[in-house]
Amino acid sequence: MIGFLGGTGPEGRGLAIRFALSGENTIIGSRDNSRADEIARKMCDQYGIDNIGSGNNLEVAEQAEILFITVPYSAQRELLASLRNVLKYKIVVNTTVPLGFHDGMPYILDIEDVSASVEAQILLPDSQVVSALQTVSARDLAKVEENMIGDVIVCSDSEDAKMEIMHKIDSIPDFRTLDGGRLANSRYVESITAMLLNLNSKYKTRSGIRITGI
Ligand SMILES: NC(=O)c1ccc[n+]([C@@H]2O[C@H](COP(=O)([O-])OP(=O)(O)OC[C@H]3O[C@@H](n4cnc5c(N)ncnc54)[C@H](OP(=O)(O)O)[C@@H]3O)[C@@H](O)[C@H]2O)c1
């Protein structure tokens, strides 16, 4: 089962519906059970499916084997510290980007551990942290009638966890995953995400990435 910590936001909901439609059992987490229940029930009704469950973040962390972190970066430290024991030996996929805003335009925060995903691995020493999907727009994920365009760069210090997550993401049509190497490389993906958000604002669009030559 795939769980989404803070899965009630646009990114968590978008990923949950895409994975659910590709046949995975999913579960949406929240600080508030009733909020997660309502969102999961609505999504199941809307798409005529029954494989999106719900719970509070602790229940979701207990039940799922793979957890996606889909909270704002500012909430990451407290959330992961509180779930450290439950997440032991599990795969934790981090989508967060440490963003600040200047005159409404996003930039990458200068954080102590350089990358949000490296910070997550330090907070969860006994979990296998994988970084992925930062460059993917939640609004594109929500448009399930359209296939996903673009590449997803996946980074981790665990080769097995990275391969498993690449395989799962590849099951969403038409994503292409690329092996981005070790978890420290996540800093580059997080940075390009800030650039994409600036481009989105300038060109009034939703940009993504496609790597040429591979
Ligand atoms: N939106 C995008 O297009 C996009 C694209 C790529 C990556 N991402 C990344 O995905 C993550 C989620 O993005 P989003 O737009 O879905 O974010 P969001 O709507 O701001 O937050 C997602 C959920 O996080 C929970 N949350 C908020 N503050 C929290 C706190 N202090 N402690 C614990 N939980 C908290 C909330 O759930 P409850 O209130 O139900 O607990 C909320 O629904 C971000 O880190 C972002 O960088 C987003």
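No value in this document is a laboratory result; all are computed from the given coordinates. It should be emphasised that the depicted structure is a prediction, and the values quoted were computed from it without experimental measurement. As a convention, Cβ positions derive from the backbone with ideal geometry for all residues, glycine included, and neighbour counts pool all protein chains shown.
About the Cα centre, and with charges only on the beta carbon of Lys, Arg (+1) and Asp, Glu (-1), how big is the dipole of the chain? Nearest 20 debye, please. All intermediate terms of the calculation are to be shown ahead of the outcome.
Working: 21 positive and 29 negative charges, 101 e Å.
Dipole about the Cα centre, nearest 20: 480 debye.
If amide hydrogens are placed 1.01 Å from N in the peptide plane, which non-local residues have theirs closer than 5 Å to the one on Phe175?
Correct list: Met148.
Report the one residue of Met43, Tyr89, Gly150 whose Cα lies farthest in the direction of the positive end of the charge dipole of segment 2-203 (charges on C-beta: Lys and Arg +1, Asp and Glu -1; origin at the Cα centre).
Met43
Just add up the charged neighbours of Met43: K/R +1, D/E -1, any other residue whose Cβ is under 12 Å from the Cβ of Met43. Don't skip to the answer; put the middle values down first.
On the way: positive: Arg13, Arg18, Arg41, Lys42; negative: Asp37, Glu38, Asp45, Asp50.
In short, 0.
Taking H as built 1.01 Å from N, whose amide H comes closer than 5 Å to the amide H of Ile2, not counting residues under 5 places away?
Asn25, Thr26, Ile27
Around Val93, which amide H atoms from residues at least 5 apart in sequence, or from another chain, sit under 5 Å from its own amide H, with H modelled in the peptide plane?
Placed amide hydrogens put Leu67, Phe68, Ile69, Val130 under 5 Å from Val93.
In whole angstrom, note down how far apart the Cα centers of segment 143-214 and segment 15-63 are.
23
Can you give the local net charge around Leu79? Use residues other than it whose beta-carbon is closer than 15 angstrom to its beta-carbon, Lys and Arg +1, Asp and Glu -1.
Numbers: positive: Arg31, Arg77, Arg84, Lys90; negative: Glu11, Asp32, Glu59, Glu62, Glu78, Glu119.
Net of charged neighbours comes to -2.
What is the local net charge at Thr96, summed over the other residues whose Cβ is closer than 11 Å to its Cβ (Lys, Arg +1; Asp, Glu -1)?
Once positives and negatives cancel, what remains is -2.
Please figure out what share of the DSSP beta bridges in the chain is antiparallel and state it in percent, rounded to the nearest 5.
Numbers: 6 of 30 bridges.
Approximately 20 percent, going by the DSSP bridge assignments.
Apply the a/c threshold of 1.5 to the C-alpha gyration tensor of the chain and tell me whether it is rounded, prolate or oblate. Don't jump to the answer; show the numbers that get you there.
Working: a/c = 1.34, a/b = 1.13, b/c = 1.19.
Judged from the Cα gyration tensor, the chain comes out rounded (a/c under 1.5).
Where a Cα-Cα gap under 30 Å defines reach, which lysines qualify for Lys162, not counting those fewer than 8 residues away within the same chain?
Lys88, Lys90, Lys143
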